[in-house]
Amino acid sequence: MPKNYNLKELILQLLSDGELSKKELMTEIRRESDNPVSDKTINESLMTLLKDEKIYIIGYDFDVYEGVKRIQSIRPEGVIFGKLKKDFVEIDNLIKQLESSDVDEVKESSYKLKRLFRKKLELVKNEELSKLIDEDVDSLFNRTLYYINTQKEEQKRILKNKFAWSLSTGKGSNKLFEDIIKYTVSH
């Protein structure tokens, strides 16, 4: 197999354990790799994975500046990458984390879910949905969650499962997502 394929798989494997900055990724890749890997090859693999929506940029690690008080440039080593979750179980866990007492965990889950929501909306956008989605995507996401959370417990559980499935890559998820959006907008 080509070197880049193995490198992409290694990056995905490393990110399965959690988010890493580019600096941390490069260190781990070089530690795990049998052959020397250039920055250019790592950058190419990261860009391909970003373009293919298998990973995403989650934030920035300011520790790469090591005590510099006045930051005047962006160092690519500080960019933090995460693996984009598209599996029903992973998405279902993200939805459950929205009810956590840990504020940072709620923010992180919300950010990841909104990202999946935006991507799915772009994927299923058609003429009919274009007429409905005059509002901000984040507002639509929030309205959808609000609707789900205001239901009785049994209905709420069912709707959360449907919402998780609709954001996944599972069979019928696009149609289910469209139905949920149409219903949310109509109420």
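Each reported figure results from applying straightforward, stated rules to the coordinates on display, with no laboratory input. Note that the coordinates shown come from a computational prediction; the quantities given were computed from them, not determined experimentally. Glycine gets a Cβ as well: all are built from the backbone with ideal geometry, and neighbour counts include every protein chain shown.
Relative contact order of the chain, please, whole-number percent, based on alpha carbon pairs below 8 angstrom and at least 6 residues apart.
In percent, rounded to a whole number, it is 19.
Once the Cβ-Cβ distance between Tyr60 and Ser16 is put in as r, and R0 is 22 Å, what FRET efficiency do you end up with, to the nearest 0.05?
It comes out at approximately 0.55.
Could you work out how much longer the chain between Glu122 and Thr169 gets when fully extended? Use 0.36 nm per residue separation minus the Cα distance between them, nm to one decimal.
Full-extension gain reported as 15.5 nm.
Pop a pseudo-label 7 angstrom from the Cα along the beta-carbon direction at both Asp136 and Lys40 and give the gap in nm to one decimal.
Spacing of the two 7 Å Cα→Cβ label points: 4.3 nm.
Which of Lys23, Lys40 has the fewest other C-beta atoms within 10 Å, and how do the rest follow up to the most? The partial results should precede the final answer.
Numbers: Lys23 17, Lys40 8.
Taking fewest neighbouring Cβ atoms as first place, the list is Lys40, Lys23.
How much length is gained on full extension from Tyr183 to Ile71, taking 0.36 nm per residue of separation minus their Cα-Cα distance?
Contour length minus the Cα-Cα distance gives 35.6 nm.
What is the spin-label model distance, in nm, from Val89 to Glu9 if the labels are put 7 Å beyond Cα along the C-beta direction?
So the label points at Val89 and Glu9 sit 2.1 nm apart.
Magnitude of the Cβ-charge dipole of the chain, K/R +1 and D/E -1, about the Cα centre, nearest 20 debye?
Roughly 400 debye for the chain.
Give the angle, between 0 and 90 degrees and rounded to the nearest 10, that separates the Cα long axis of helix 137-149 from the longest principal axis of the Cα atoms of the chain.
Here the helix axis deviates by roughly 60 degrees.
Cα gyration tensor of region 1-111, axes a ≥ b ≥ c as square roots of the eigenvalues: rounded (a/c below 1.5), prolate (a/b > b/c) or oblate?
On the way: a/c = 2.32, a/b = 1.20, b/c = 1.93.
Here region 1-111 falls in the oblate category.
Once you have the Kirkwood Rh of region 88-186 from its Cα pairs, apply Stokes-Einstein at 25 °C and 0.890 mPa s and quote D in µm²/s.
Taking Rh from Cα pairs, D becomes 180 µm²/s.
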